[in-house]
Every structure is written in structure tokens, then in C-alpha cells.
1. Which net charge results for the neighbourhood of Ala592, defined as the other residues with beta-carbon distances under 9 angstrom from its beta-carbon, given Lys and Arg at +1 and Asp and Glu at -1?
2. Would you compute, for the Cα atoms of region 360-473, the largest minus smallest coordinate along each principal axis and list the three values in descending order, in whole Å?
3. Defining a contact as two alpha carbons under 8 Å apart and six or more residues distant in sequence, what relative contact order in percent does region 307-374 show?
4. Along each principal axis of its Cα atoms, how long is region 197-346 end to end? Whole angstroms, biggest number first, please.
5. Calculate, for region 178-219, the solvent-accessible area per residue in square angstrom, rolling a 1.4 angstrom probe over the heavy atoms of the protein chains.
6. Starting from the Cα gyration tensor of region 295-416, take the square roots of the eigenvalues, sort them a ≥ b ≥ c, and report rounded, prolate or oblate (rounded when a/c is under 1.5, otherwise prolate if a/b is larger than b/c, else oblate).
7. Which three extents, in whole angstrom, do the alpha-carbon atoms of region 452-504 cover along their principal axes, largest first?
8. Over 32 Å between Cα atoms: which of Lys369/Lys495; Lys369/Lys674; Lys161/Lys496; Lys161/Lys369; Lys161/Lys407 fall into that group?
Amino acid sequence: MSEQEHGPEQTESLTDRSETFDVILRQRLSRRAFLKGSAAAALPVLLAACGEEATSPPPPPPPPTAPAAPPTPMATSVPIPTTPPAATNPPAATNTPAATNTPEPAAVGAFEPIQPRPTTEDALAVPAGYTTTVLLRWGDPLTADAPDFAVDAQTADAQSKQFGYNCDMVAFFPLPIGSNASDHGVLAVNHEYTNPELMFRDFNPDAGPTQEQVDIQLAAHGVSFVEIQRGADGTWTYVRESPYNRRITATTQIEVTGPAAGHPLLETGDDFAAQSVLGTLNNCAGGWTPWGTYCTAEENFHQYFANLDTVTDEALRAMHERYGLPAGVSQYQWEKFYRRFDLAQVPNEPNRFGWVVEIDPYTAGSAPKKRTALGRFRHEAVTFVVAPDNRVVVYSGDDERFEYVYKFVTEGTFTPGNREANMSLLDAGTLYVARFDNDGTGVWMPLVFGEGPLTAENGFESQADVVIKTRLAADALGATRMDRPEDMETNPVNKKVYLMLTNNTRREEGDTNGANPRANNETGHVIELTEAGDDPSATTFTWEIFLICGNPSDESTYFAGYDKTRVSPISCPDNCTFDNHGNLWIATDGQAGTIGYNDALHMIPVEGPERGHVQQFFSSVAGSETCGPLFTSDNTSLFVAVQHPGEGGNFAEPVSTWPDGTVPPRPSVVVIQKEGGLPIV
Ligand code: FEO
Ligand code: CA
Ligand code: CA
């Protein structure tokens, strides 16, 4: 969803507001851009433009152009691996980079950037020399007893054995376990939410869903695990009756672990022990652990709960308000049939969502676990990296306007090769929230009960209280209010951390800060963060603005100082990944409503003379967003999830018939390959 519901405003963080915009920008624009001299021209433009009204429609863009010169080797200030990431433990695309000091030129100029596509275009687009194949569609049968998809014969039982709706995050777990395979594995895919107006021929938005439609939607949420393989001819297929195939849905039994397990705020009439939750909701992005488990992030859980105005407990009501729960009817109206979605009947149920859920894809029937030590908020991304001392660091954002950026550092250490020993690492550690100071430094502030303001007199009685009320704890510490933190990932080549800030149209002049420098930030930006000593467990960092997104003809944009006449338009950065050269790949969610193009996937070098050169690689279809970009470890296959094709239309009046030319459109995972089986770049 490109524009999230908005929770109540919170107390202003006073640390952010003291400096003027131009001072901030002069301090925080890419230092390397200044060294190159290009920012000397860019800066005055930025300063002038950011004072303008941002309500005028964006002017038409220049077409992106191919590099004028032959491919330029990337600067060799960082080691470039010549091999895929280290084959330590699964999965293949681990954030732990291979240890090599042999530089290799990045593949800049490997493809001709494609033109951005109009929002009516209902076909995928990739550069010449590349192919797209639809691998998994909504409704594809995943078990021996699952029926084939039939739009007019949908049942909850069938959906619970079929690929779910609205695919988002994608992760790859190599087979056999412990290998670094690029041709065989278990694909994990999140199913974030449902579009009943597109799923059901007879959906009536005025009357709301029928119980059958609710039950199907419950089964269409969650996660799919699917065994996939690449044949000798290079074609990917899924293994329909694999024992690895599994669905997790909004009704799967899930254990609660960590500090909040058993806490009274998680108790309900159906679970007095507060240790077992029915299902996971709004599974947006996620990540994979170095020990080969999958972590899925529960994002906009507030959309599923109704009737906050009936909650009489003042503290509980205030907390629910802080998390944006609606006063009356919910967006999905599941409360019509299930009391747990009605706050009048089960006021604690929302406290059981907004967590990170860890699932073992290699062990059939293993219990998914809500890992409460990582905090409760609208989790976007759960990305892992191992610190030099083998503690494990997890980054996650809270995707709402003016919310925060978090990381978690485990107490215990990762033991390579001993999977069992790592299986409870996420239950103990320190959760931090970020403060971005205007001088380009930053601090990870610990959210620890008893420290600073996190005491009983401020409403925190235990660490369980701190993690259940994570947003309130972060408010108390004066964390920096960001422009909707989305994906946040460590570049395995240069070790820097890239933070996608998708947009924030409610940030006003005078409310900007160094890390969120643009008022009415319709098109989002990207921050490049360097942990002190390149140690991800560090408690301080430095940061700089990497991109200020938009149509390059919009003067408020900035591309790390790169020549604006040569970049592709980019808006609303959401998910990201890296290729083996360390280039950043950004998938977008919201280009259609902001710069007037279908959502896309862009490649951006982060080092050398091409740093900041945004090059569009992929265009998605009408009404969809681009999700889940992920390379196999050999870089020859790139998975992309096409989420909510046709959103904006409905069953009777479709705006998309992708992928099969039929109604309804079907959210699907696509594989992109280069002809000849060569690396993508
Ligand atoms: Fe579900 Fe933050 O995108
Ligand atoms: Ca999204
Ligand atoms: Ca997302």
C-alpha cells in the first residue's frame, strides 16, 4: 500500500528542529559529491527548490540516457568480491560478505536503462537481452490435495493450501540445507494484505464481506514456503508436492517468546497464558537469519481491528491510539464474524500483533514464533548482519509517517554450523532506536527498562512493558521522527547500511531535520548510514543523504551529486537489495501517484564515478507495486514480487488482467534472467 493510514501526532522531538534547512543541507549532502565538485552546482538548486510549493504537478521527465562513455570500472576503495557471498550457513544471499580483497570492476553499463512506463501499461518491461517468467501466482496449488485455482470456486480450505495473495518479501533458502545453491531452494514469500474488490466477483463494498470471503482472506494472508528449482534449460519451476511447501496464515497457531510472553497485556479469553496467538497479519518485508530461518514483519496490523472508542481502560486506549487503531469499523470488517478483531470484546488482541515472527523453513511443522524482544511496531524489514564478535544485529523500521528506525543486538553470539544453538538467539538482547543528529552523527539509544525515562513512574514496569509499548518508549527517548522508514539493509560489499524513507506528505516547512530535509516529501529519500568502525553492533554512527527521490527535473531531487540529466525518475523507495558488486537495487511503491509512472526496480551504484546513477531495470504492471527484489547467490536470477496488480480497479472494471490476460489479475512472483544464463549484471 503506498499511502499508509496515519496515527495520531506525537510530541515533537526537540532534538531535530534547531537548524535551518540550508545549514542542514550544507552539512549533510554527500561529502563525496562535494569532492567531485558536482554538488557545487547542485546545492544552490536544492536550496532554492526546497522552499517552493511542492503541490504543483511534476513536469515531464527527461528520458534516462545510457552512459555516454564505455563502462567505467568502479572505484576500488572498497573490496569487491569475486565470489558469491560466503557459503557459511544458509541462506545463499546472506548479509555476511565473502572475505576477499580482490577488487573487481562493477558491471556499470551492463544494461540499457528502460524508459519509465505510463500507469496504464499492463505489461512487465526489462532491458533488451533479459527475460521475465511468472513463477508463482496467487492461487497456485502448493500441496498434493490442493485444488487448482478457480476464481469462482474459492474456499478458505483451498486457499490455505494455495499460494497466498499480494506477494511482498521474497527470501531464498538453498537446498540442500547448508549449501550455497543458486538452482534449488525453498522460496519464502510474504502475503501482505488482500484486495477483496479484486478477488471476488460478488464482493459488495457497501455491505462488506461475507463470512466466506473473510475466511478466504484470512487464509490468503501470511507466508508461503515453496520448493523451487532451475532446470538444465535455465527455466525455474516450483515443486507442487514438495514436503517443504507450507502455508502460514492469519489462523496458524504461533508461539509467543521473549519478554512479552505471558504478560497480562497479551492475555485474552482464548489465551489466558498469553503465549499462543492465532495467526500473523500484514506480513510486509522481512529477512533471513544466518542460521537459515525466515523472519516476517507484521506491519499495518491496526487495519484489522475495530471499535477503539469502546475501550474504557485509559492506558490501554492511549496505547492503541498511539498505534493508530480506528475508533469505529475496521478497514477489513472481519469483526463482523470474529470477536477477536472487535476491541469491544477482546481489547488486548492488537497487542498480539506488530511483532517479528521467526519460522524454520527447513523443518516441516515447526512452530512459528513471535520474537517479542525485537519490539512491537509496524515492522518493515527484519534484516540481519553478524557483528565482528558474532553477536547478531537486526535492523527494522516502523513504517508510518514520523516513526522511528530500530535495531536489535542479540545478547548471545552466532555459532556457525550449530543451528540448534542459534535458534533462540532472538529472545534476548538490546533493542535500540535511532537519533539522527544534524551534524551527520547519530546514536543508537537503548530501550532498556530502568534506564533513562523507561521507569515505573513513566508507565514502564518491566522490559515486557517496554517492548509492548515500543513506540511510547522511543518517544520518551527523543528518537528522530522519520519519513516512513521502509527497508533497511547492509550492503555486503561496502558494509554501509541503506535506509529507504518512502515519503511523508505531512512533513511541513519548519518540521524538517537533517535526516528528513524535505517538506511535503512526496517522493521519498534514501540515507546511507555508516556504523562506527563498520561494526553493526556499534552504538554510534554517521550518516548522509544518498538520494532525494523524484523526477530529476524536480529541482528538489538529489542523486548523490550525479548528473541529473542521466538518471531515471525514481519515487517512493520501499524494498531494496544488492547485487554481488554492491550496487543498490531499489523497488518502489508509489511512483504512479507521484511521478506518474508504473512502479519499478532501479539499479544504483554506490561507489566510484557512477555513484548515484539511478538506472531503471524493470517496470511493473498497472496498479501494482514492485516488491521483494532478491538475487540468487550466483546473481543469475532475480526474483521480483508483483503486488496488487490492478489496484484501483475492481472485478467488474479491471485496470489489469496480468499475468494471463484474464480477470482477476493475480499477484505473482516473477524471475528475471539474462539470456544465456549470464549474471544479471
Ligand atoms: Fe508494506 Fe511498508 O510497506
Ligand atoms: Ca510496500
Ligand atoms: Ca514494504
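1. Charge balance near Ala592 sits at -2.
2. Sorted largest first, the three principal extents are 42, 33, 27 Å.
3. That works out to 25 percent.
4. 63, 44, 25
5. Averaged over the residues of region 178-219, the accessible area is 33 Å².
6. prolate
7. Ordered largest first, region 452-504 gives principal extents of 44, 26, 17 Å.
8. Checking Cα-Cα distances, Lys369/Lys674; Lys161/Lys496; Lys161/Lys407 exceed 32 Å.
The values are calculated or read from the model by the stated rules, or taken from the named source; none is laboratory data. Keep in mind the model is a prediction, meaning the values are calculated, not measured. Ideal geometry is used to build each Cβ from the backbone, glycine not excepted, and the neighbour counts take in all protein chains shown. Heads up: the accessible areas ignore ligands, DNA and RNA and are worked out on the full protein's heavy atoms, side chains in. Shrake-Rupley method; radii C 1.70, N 1.55, O 1.52, S 1.80 Å.
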